[in-house]
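What follows is one structure encoded as structure tokens, with my remarks underneath.
The values are calculated or read from the model by the stated rules, or taken from the named source; none is laboratory data. Predicted, not measured: the structure shown is a model, and the values here were computed from it. Ideal geometry is used to build each Cβ from the backbone, glycine not excepted, and the neighbour counts take in all protein chains shown.
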Amino acid sequence: MNSFFPRKFVIQGIVIVCAVVLLARLYYIQVVDKSYYLSARNNVLRKIVKYPARGIIVDRKNRLMVQNEPVYDLMVTPYEVKEFDTVRFCSLLGIDRAGFDKRYKKAQSQSLYRASIFEKQISAEVYAAFQEQLSEFRGFYAVNRSIRHYPDSVAAQFVGYINEVNQKDIDQSDGFYRPGDYIGRTGVEKSYEEVLRGRRGVENLMVDARNRPKGHFADGAYDTASVAGQKLISSLDIDLQRLGEQLLANKVGSIVAIEPSTGEVLAMVSSPTYNPSLMVGKYKGNNYMRLLNNPYKPLFIRPIQAEYPPGSIFKVINALIGQQFGKINASTHFFCGGGYHYGKRGLMKCTHYHGSIGLVESIQFSCNTYYGYTYSQMIDRSGMRPVNGYKRWREAVMKFGIGQKLDVDLPNERKGSLPTADFYTKRWKNDRWSSGFNISLSIGQGELGITPLQMANVVAAIANRGYYYKPHLVKAMGESKVIYSKYRQKVNVGVDKRYFEPVVEGMSRAVNQPRGTAYNARIGDIEMCGKTGTVQNPHGENHSVFFGFAPRNNPKIAIAVMVENAGYGATWSAPIASMMVEKHIRGRVNRSKSYINKIASANLLPGRKRSPAPSRVRVPDSSAVTERAEIAPVETINLKTISNE
């Protein structure tokens, strides 16, 4: 038998097996395994993500508050990296060998064939020197980005900060965000993220063997341009904001100033504050932890998140509601014998013996007794059960924007506290309670909690004689200057216009007559109307509060000032508000340098040695020749000067 015949089939079998193996390998390389494709493509083609510039933020006078500064992210594709001088590489970037190894291993763990970030946010100065030798480092290339820059370093809590997206952000974005993108985390950076962020683009570049660009693939037919974010025009006034931050330096508190005719927030100061530049760059994480652990909580946005009993400023609300309910009027008098007696032995003390006192004088001199009687009339003599009288009173208070969010354009606003009738029914274990069971609400104490923004909004409604616009911090968006429609709608507080005049008269006398409680806030020939408050604080010194508006007719500004642990409202809050108002209306502050600096440099931080109270001063009118005062720079518990190193 011929032995060649079986050998022929053996050889054919071997050839077929080899062919199948080669075809399988070819299929694996071309279809299953992408590494060769990626390597080949990356040798000639590189996709460069073009990150958009975030929209800039300017103040109401078009002065820059937030702009962009160019930086570079250094990318690496580990598979393409060849041997190079790591000492020179590290020296150019300012990192050590351990840092290099850590970054490179992380890139390898992510992917050998796809580019990932090796070093973030390299400054333009560092990159300029590195770029000259970039071609010597195969596998590395740079992507142009931008970071936020703050020319004036003010309003940190307003502008907020951005950081890199996490997986949750990516999952919730319907494919918009990708790893390496940035997103607003706080402030208007967060609330206006969709306006500011823009849209990324892509460039497909041809590169040679030495990593040098050789033009666009297909003449740019597959490139997409990035679209910059839109501009935000803030309602804030940088000069007024800066003055407020200086006056509240080394104090814990808030200032909120509103333009009554529009609801635009002119200044929003949260103290202690910090330099917003601390939340940018390589050391952002370290700075964030230092701010987070600071005992005075500079990251806490006090104007919209802090809740305080309003104290005596709440009397103006009870005065207005009492008139609307028909329980008092401009001619109503009550007798003040040094306090208001309720129940069998209850006594709410008054600061003075006022005798027979009317509505206007009750605000001018801040009579507790008057409002004990007024509150009792509204709750106990409402023509219904006291519990229902309270419900009606509470609904009237809520119309002033209290006990609910004002929907300001900042995230994490709190609504404050305005107890329900059920709250007291549960406390007293029945619904047969009367005004004496929560009489402290008559003078703004007890369970009430109001944010400084709500305080300023109340006085804006009084300035408008019965309505307000929802407060907002962005005046317009983009070149078309769009604004949300909800900020153009009037909100009525449910009190007839005629009932505001005696209240406004009392507030004017409180500021402009020598015996008024807010005489420290007088501004010469500008008639400001205001009300002081001294808020009881069971945890330390009382809080100082003041709110007011000016001028009396055609008001330009409504303001609320809260200084924690500072004592009487007339001592600290009223003078601070007075200078803010004068600055806004006149463009300058007509006070002596020593007086302004005494307030600005005063240290009222809890746990620190307290500065003495400023003495009352005569405020000159506009015709007086007064040296323009300039406030000396004041550090805010060293938070403005935390190093970025």
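Taking into account only those residues within the range 87-127 that are of a type in the set (Phe, Trp, Tyr) and assigned to a helix (DSSP H, G or I), which is nearest to residue 144 (Cα to Cα)? So the residue we want is 127.
If you check residue 62 against the conditions, is it out of contact with any Ser or Thr (no Cβ under 9 Å at 6 or more places or on another chain), closer than 30 Å to residue 157 by Cβ and modelled with pLDDT of 90 or more? Criteria met by residue 62.
For beta carbons closer than 8 Å, sequence separation of 6+ or different chains, a first residue in the range 550-564 that is part of a loop (DSSP other than H, G, I, E, B) and a second that is among the β-branched types (Val, Ile, Thr), the qualifying pairs are 551/526; 551/585; 552/504; 556/585; 564/252.
Consider residue 236 carefully, then state whether it is more than 19 Å from residue 569 (Cα to Cα), part of a loop (DSSP other than H, G, I, E, B) and aliphatic (A, V, I, L, M). So residue 236 passes the test. Exactly one residue out of 439, 462 is in contact with a helix residue (DSSP H, G or I) (Cβ under 9 Å, 6 or more places away or on another chain), surrounded by 24 or more Cβ atoms within 10 Å (Cβ to Cβ) and more than 29 Å from residue 57 (Cα to Cα): that is 462.
Would you check if there is a residue in the range 142-154 being of a type in the set (D, E, K, R) and more than 36 Å from the chain's Cα centre (by Cα)? Within the range 142-154, none of the residues are of a type in the set (D, E, K, R) and more than 36 Å from the chain's Cα centre (by Cα). I'd like to know if the range 430-443 contains one or more residues that are touching a Lys or Arg at 6+ places or on another chain (Cβ under 7 Å) and touching a residue at least 24 places away in the same chain (Cβ under 8 Å). Looking for residues that are touching a Lys or Arg at 6+ places or on another chain (Cβ under 7 Å) and touching a residue at least 24 places away in the same chain (Cβ under 8 Å), one finds at least one in the range 430-443, hence yes. Checking residue 202 against (1) surrounded by fewer than 18 Cβ atoms within 10 Å (Cβ to Cβ); (2) outside any loop (DSSP other than H, G, I, E, B); (3) modelled with pLDDT of 80 or more; (4) in contact with a helix residue (DSSP H, G or I) (Cβ under 9 Å, 6 or more places away or on another chain), which test does it fail? Among (1) surrounded by fewer than 18 Cβ atoms within 10 Å (Cβ to Cβ); (2) outside any loop (DSSP other than H, G, I, E, B); (3) modelled with pLDDT of 80 or more; (4) in contact with a helix residue (DSSP H, G or I) (Cβ under 9 Å, 6 or more places away or on another chain), residue 202 violates only (4). What are the residues in the range 570-590 that are under 16 Å from residue 245 (Cα atoms) and not charged (D, E, K, R), if any? Scanning the range 570-590 gives 572, 573, 574, 575, 576, 577, 578, 579, 580, 581, 584, 589.
Specify the residue that is surrounded by the most Cβ atoms within 10 Å (Cβ to Cβ); the eligible residues are those in the range 469-516 that are part of a loop (DSSP other than H, G, I, E, B) and among the charged types (D, E, K, R). That would be 470. Cβ-Cβ distances below 8 Å connect the following pairs, each with a first residue in the range 401-429 that is free of Cβ contacts under 8 Å to residues at least 40 places away in the same chain and among the aliphatic types (A, V, I, L, M), a second residue that is part of a loop (DSSP other than H, G, I, E, B) and crowded, with 17+ Cβ neighbours inside 10 Å, and a separation of six or more residues or different chains: 418/402; 418/403; 418/448. Just checking, does the range 523-540 include any residue being buried (at least 18 other Cβ atoms within 10 Å of the Cβ) and among the polar types (S, T, N, Q)? Taking every residue of the range 523-540 in turn, at least one turns out to be buried (at least 18 other Cβ atoms within 10 Å of the Cβ) and among the polar types (S, T, N, Q).
Is there any pair linking a residue in the range 388-400 that is under 20 Å from residue 468 (Cα atoms) to one that is at pLDDT below 95 and buried (at least 22 other Cβ atoms within 10 Å of the Cβ), with Cβ under 7 Å and at least six apart or on different chains, and which? Qualifying pairs under 7 Å: none.
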